Every structure is written in C-alpha cells, then in structure tokens.
Amino acid sequence: MTPLSVVQALRQRSHAALHRLDVEEIGVLRVDASATGICPDGQQWSGYSAALTPGELLRGLKGWWRCDAATVASGQVLPVTLAGYVVALLTGVHTWEKDTRSRYAFPRARLAGHITDLATPTKVVTATTRPDRDLAELLLGSRLPTHSGGAIAYVRTRTANPLPGKDA
C-alpha cells in the first residue's frame, strides 16, 4: 500500500520539460516494475527495477522493442517511464539493430541516469558527458504521461502552433 502523502507528492511532480529538447518528437519506453530475467525466447531480461545496477538496467532497457526505430533514433534520447514518471534515461540511441521478430535494440545506448526511489526521487546520474548529464537532471523523476498500446510511445516535444488568424 502506498501512503497518501507519497501519492500526493507524486501528483505534484513537475511535467518533463520536453520543450527544451531540440527535436520535434521522442520515443518513450514504458515499462513496469517487474524486470524479468530470461525471456521465453532466450533473450536477456528486460524491464526496470530500482534494485538493478546501472549495467543491468542498460542491458534490460536498450532492446528488443517493437517500435519505429528511425523515430526513436531521431529523438536522440529515450526516456524510460514507470507509471508515467521518468525512471531512467537512455542516450546514444542513434543506431539500431533489427532481429528476426522485427524488434529493435539500440546497441550503442548509454544510461545517462536512473531513479532509485520514485517517492522521494533519488537520482543517480551515470552520464560521462555534460549534455547527457544535463538531460538526466532535466528529465529524471519528472512526469511524462503517454498513451500507447505498446512498449514505445511517441510524444511531441512542443505544442502545435495555432493556425493563422486563430486565438491561441
């Protein structure tokens, strides 16, 4: 059972500042809190758990997903959300591999950071470059609700401009 104070604190968390990204759209990896060890097809486990090491997180989050790999790559980052909150951030998603099931992995992905406690966000920034550290600080622990039928959702980073002559 989650205490009411924790639920209220989560509800007041700020939304991800996606407008500060230099892209129009990003992919968002939506996971649950039950990372699985070995998948039925023999692939290494996937998912998120705060108890995992950064290396284990990276291995479990960088693939294999059904997605539009080109769109994920063009977004340059892949926030990982759990229940609508950014719990990890992958950068370096510029290249991808496709398997025989038409699922994609991002072999050069880097874990820029992750959250070890969502209730009182404890950020662990693992990035080695200033841009990746800045992205981790910007996005980790923020709210990023998505709507999708799959593991990867696509989110616009800016609201559309109003039509000429229309009130904003």
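The values are calculated or read from the model by the stated rules, or taken from the named source; none is laboratory data. Everything numeric here is computed off the predicted structure, so don't read it as measured data. Methodologically, a virtual Cβ is constructed for each residue, glycine included, from the backbone with ideal geometry; neighbour enumeration extends over all protein chains shown. We work out accessible area using only protein heavy atoms, side chains counted, and drop any ligands, DNA or RNA first. Shrake-Rupley method; radii C 1.70, N 1.55, O 1.52, S 1.80 Å.
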- Item | Unmet criterion (only one of (1) more than 19 Å from Ala51 (Cβ to Cβ); (2) assigned to a strand (DSSP E or B); (3) open to solvent by 40 Å² or more (accessible area, probe 1.4 Å)) for Ser102 | (2)
- Filter region 65-91 for residues that are of a type outside the set (A, V, I, L, M) and assigned to a loop (DSSP other than H, G, I, E, B); which is surrounded by the most Cβ atoms within 10 Å (Cβ to Cβ)? Cys67
- Note on the structure: Going through (1) under 15 Å from Ile26 (Cβ atoms); (2) without any contact (Cβ under 8 Å) to a residue 24 or more places away in the chain one by one, Arg108 fails only at (1)
- Where His94 falls short, out of the listed (1) surrounded by 15 or more Cβ atoms within 10 Å (Cβ to Cβ); (2) within 15 Å of Ile26 (Cα to Cα): (1)
- Going through region 110-141 in order, the residues found to be closer than 19 Å to Asp22 by Cβ and out of contact with any strand residue (DSSP E or B) (no Cβ under 7 Å at 6 or more places or on another chain) are Thr129, Arg130, Pro131, Asp134, Leu138
- Ser142 meets each of (1) under 18 Å from Leu58 (Cα atoms); (2) open to solvent by less than 30 Å² (accessible area, probe 1.4 Å) with one exception, condition (1)
